[in-house]
Amino acid sequence: MIRRFWSAPAAVWLILCALSVMAVVQLEEGSSRRTASLLVVLLAAIKARLIIRHYMEADRARPVWRILYNAWNFAVAATLGIGYWMSIR
């Protein structure tokens with residue numbers, strides 16, 4: 001029953017909302033600008049992965065497509081994170 005709830009679109013939506021709130025809280029808290037920015041990129045990557053898996057139904061795709069989706073998500077997040085990190089030095 002619990003597994004069925006967590007695979008439901010409403011549960012995924014709640015998780016996406018919670019991740020959005022976490023990103024806003026992290027930015028408003030103002031710990032470290034560098035850390036907060038990288039955390040927001042990480043949270044955005046997690047949200048993108050959830051959207052691709054659950055709303056675009058990539059779970060039903062062939063394994064090669066799932067690997068490509070995950071690789072694309074990692075590449076974009078890594079490019080943004082490394083690009084930001086290098087720009088502030």
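Filter region 11-49 down to the residues that are of a type in the set (V, I, T) and more than 23 Å from I88 (Cα to Cα), then identify the one that is nearest to the chain's Cα centre (by Cα). Reasoning before the result, please.
First, pick out the residues of region 11-49 that are of a type in the set (V, I, T): 12, 15, 21, 24-25, 35, 40-41, 46.
Within this subset, residues satisfying the condition of being more than 23 Å from I88 (Cα to Cα) are 12, 15, 21, 46.
Working: V12: 12, I15: 11, V21: 13, I46: 2 Å.
Out of the qualifying residues, it is I46.
Test R53 against the criterion of being of a type in the set (K, R) and either crowded, with 16+ Cβ neighbours inside 10 Å or in contact with a Phe, Trp or Tyr (Cβ under 6 Å, 6 or more places away or on another chain) (or both), and give yes or no. Even if it seems obvious, please write down each step before you answer.
On the way: of a type in the set (K, R): yes; either crowded, with 16+ Cβ neighbours inside 10 Å or in contact with a Phe, Trp or Tyr (Cβ under 6 Å, 6 or more places away or on another chain) (or both): yes.
In short, yes.
Among the residues of region 62-75, is any in a helix (DSSP H, G or I) and at pLDDT below 90? Quick ask: steps written out before the conclusion?
Narrowing region 62-75 to residues in a helix (DSSP H, G or I): 63-75.
Pick out the ones that are also at pLDDT below 90 and you get none.
Within region 62-75, none of the residues are in a helix (DSSP H, G or I) and at pLDDT below 90.
Which residues, counting only those in region 76-89, are in a helix (DSSP H, G or I) and free of Cβ contacts under 8 Å to residues at least 12 places away in the same chain? Let's see the steps before the verdict.
Narrowing region 76-89 to residues in a helix (DSSP H, G or I): 76-87.
A78, T79, I82, G83, M86, S87 - these are the residues of region 76-89 that are in a helix (DSSP H, G or I) and free of Cβ contacts under 8 Å to residues at least 12 places away in the same chain.
Could you please give the count of residues in region 31-61 that are closer than 18 Å to A18 by Cα and either in a loop (DSSP other than H, G, I, E, B) or touching a Leu at 6+ places or on another chain (Cβ under 7 Å) (or both)? Outline the logic, then answer.
Here is the first cut: in region 31-61, the residues closer than 18 Å to A18 by Cα are 36-55.
Keeping just the survivors that are either in a loop (DSSP other than H, G, I, E, B) or touching a Leu at 6+ places or on another chain (Cβ under 7 Å) (or both) gives 36, 40-41, 43, 46-47, 50.
The total comes to 7.
I want to confirm something. Restricting to region 79-89 and keeping residues that are loosely packed, with under 14 Cβ neighbours inside 10 Å and touching a helix residue (DSSP H, G or I) at 6+ places or on another chain (Cβ under 9 Å), which single residue is modelled with the highest pLDDT?
Per the criteria, the residue is W85.
Kindly indicate which of L43, L19, L39 is in contact with a Lys or Arg (Cβ under 6 Å, 6 or more places away or on another chain), closer than 27 Å to S87 by Cβ and surrounded by 15 or more Cβ atoms within 10 Å (Cβ to Cβ).
Values: L43 fails: in contact with a Lys or Arg (Cβ under 6 Å, 6 or more places away or on another chain); L39 fails: in contact with a Lys or Arg (Cβ under 6 Å, 6 or more places away or on another chain).
Just a single option satisfies the conditions, and that option is L19.
The values are calculated or read from the model by the stated rules, or taken from the named source; none is laboratory data. Here the structure is a predicted model, which means the values were calculated and not measured. Here the Cβ is made from the backbone with ideal geometry for all residues, glycine too, and neighbour counts use every protein chain on show.
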